[in-house]
1. Exactly one of (1) closer than 29 Å to P15 by Cα; (2) in contact with a Lys or Arg (Cβ under 9 Å, 6 or more places away or on another chain); (3) open to solvent by 20 Å² or more (accessible area, probe 1.4 Å); (4) of a type outside the set (G, A, S) is unmet by T62. Its number?
2. Among (1) modelled with pLDDT under 95; (2) closer than 26 Å to G217 by Cβ; (3) surrounded by 14 or more Cβ atoms within 10 Å (Cβ to Cβ), there is one condition K57 misses while meeting the rest; what is its number?
3. For segment 15-58, give me each residue that is of a type in the set (D, E) and farther than 15 Å from M145 by Cα.
4. Could you look through segment 1-13, keep only residues that are assigned to a helix (DSSP H, G or I) and open to solvent by 70 Å² or more (accessible area, probe 1.4 Å), and pick out the one that is modelled with the highest pLDDT?
5. From L226, L191, L204, which residue is open to solvent by 50 Å² or more (accessible area, probe 1.4 Å), at pLDDT 70 or above, under 21 Å from P135 (Cβ atoms) and in a helix (DSSP H, G or I)?
6. If I ask for residues that are exposed (fewer than 12 other Cβ atoms within 10 Å of the Cβ) and within 21 Å of the chain's Cα centre (by Cα), which ones from segment 207-222 would you list?
7. Criterion first (open to solvent by 70 Å² or more (accessible area, probe 1.4 Å), hydrophobic (A, V, I, L, M, F, W, C) and more than 13 Å from the chain's Cα centre (by Cα)) does V104 satisfy it?
8. Please indicate, with yes or no, whether at least one residue in segment 27-36 is in a helix (DSSP H, G or I) and within 16 Å of the chain's Cα centre (by Cα).
Amino acid sequence: MQEEKPVRRGVYILPNLFTTASLFTGFLAMLLAVQGNIEGSALAILFSALMDGLDGKVARLTNTASEFGIQYDSLADLVAFGVAPAFTSWMWVLEGYGKLGIGVAFLYVACTALRLARFNVCVTTVSKKFFVGLPCPAAGCAVAMFILFSSYLPSWLEARTPFLGLVVTFVMALLMVSRVRYFSFKEYGFLKTHAFSSMISALLVFVLILSQPVVFGFLLGAIYLLSGPIYTYIILPRRNRQLLGSLTQN
């Protein structure tokens, strides 16, 4: 039994190392933003999201999920996907709006904290198929991807880039605390039943992102952002009406 303890301790630390990497890159994003490297800051936020996704996968694969890991992950998410995107957005365009920019940046941080608190309280009572509200990593990635994609905007929109940055930050903040449902990708029933087609789709997506990472990354992010309102306000009510109609007929 004594020989197994070091192995168990090492496995327990492993997912938290990924969380620490996510926290560090979020901190690095703020340092890069201060230095004026806004694109580098956006890339650091995206890398932080990658590390944040891996820590949960590693914890589940190694069966080392713990309450400590959940709380540590939430604290890291607040920095990496709350403070870092808001600060980067402020250094990029929000600073030009004065008090309004400060207010929007703080609103983003506050909504991130509220989103994480609600998730931690409801984590055992909500369906694993959907997130209620936009996940914080997705919101942070949306801000980062818009920063990177802004250089691809047409010339007639260049003058409106600061306003668009303000709107994107504001909308992401509201989506995080909304009741909009977003697919969580935590249950893989569809992938298991359609393994070959899923693999082909994944390869196509990989090729597209590899060819134009910023453009197709932005488009995929936009599709995910729109999928929540479309499912919540169009598909779900229609399903409920159909279910209610079938029950009344029976």
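The values are calculated or read from the model by the stated rules, or taken from the named source; none is laboratory data. Predicted model only: the values in this text are computed from it and were never measured. All Cβ positions, glycine included, derive from the backbone under ideal geometry; neighbour counts span all protein chains shown. Keep in mind that these areas ignore ligands, DNA and RNA; they rest on the heavy atoms of the full protein, side chains included. Shrake-Rupley method; radii C 1.70, N 1.55, O 1.52, S 1.80 Å.
1. (2)
2. (3)
3. D52, D55 - these are the residues of segment 15-58 that are of a type in the set (D, E) and farther than 15 Å from M145 by Cα.
4. Taking segment 1-13 and keeping what is assigned to a helix (DSSP H, G or I), we get 5-13.
Now drop any that are not open to solvent by 70 Å² or more (accessible area, probe 1.4 Å), which leaves 5-9, 12-13.
Details: K5: 40, P6: 40, V7: 37, R8: 43, R9: 42, Y12: 64, I13: 82.
Residue satisfying both the conditions and the ranking: I13.
5. Values: L191 fails: at pLDDT 70 or above; L204 fails: under 21 Å from P135 (Cβ atoms).
So the residue among L226, L191, L204 that is open to solvent by 50 Å² or more (accessible area, probe 1.4 Å), at pLDDT 70 or above, under 21 Å from P135 (Cβ atoms) and in a helix (DSSP H, G or I) is L226.
6. Of all residues in segment 207-222, those exposed (fewer than 12 other Cβ atoms within 10 Å of the Cβ) come to 207, 210-211.
Within segment 207-222, L210 is the sole residue that qualifies.
7. Details: open to solvent by 70 Å² or more (accessible area, probe 1.4 Å): no; hydrophobic (A, V, I, L, M, F, W, C): yes; more than 13 Å from the chain's Cα centre (by Cα): yes.
Taking the combined requirement at face value, the residue does not satisfy it.
8. Going through segment 27-36, the residues in a helix (DSSP H, G or I) turn out to be 27-34.
Subset that is within 16 Å of the chain's Cα centre (by Cα): 29.
Checked against the condition, which is being in a helix (DSSP H, G or I) and within 16 Å of the chain's Cα centre (by Cα), segment 27-36 yields at least one hit.
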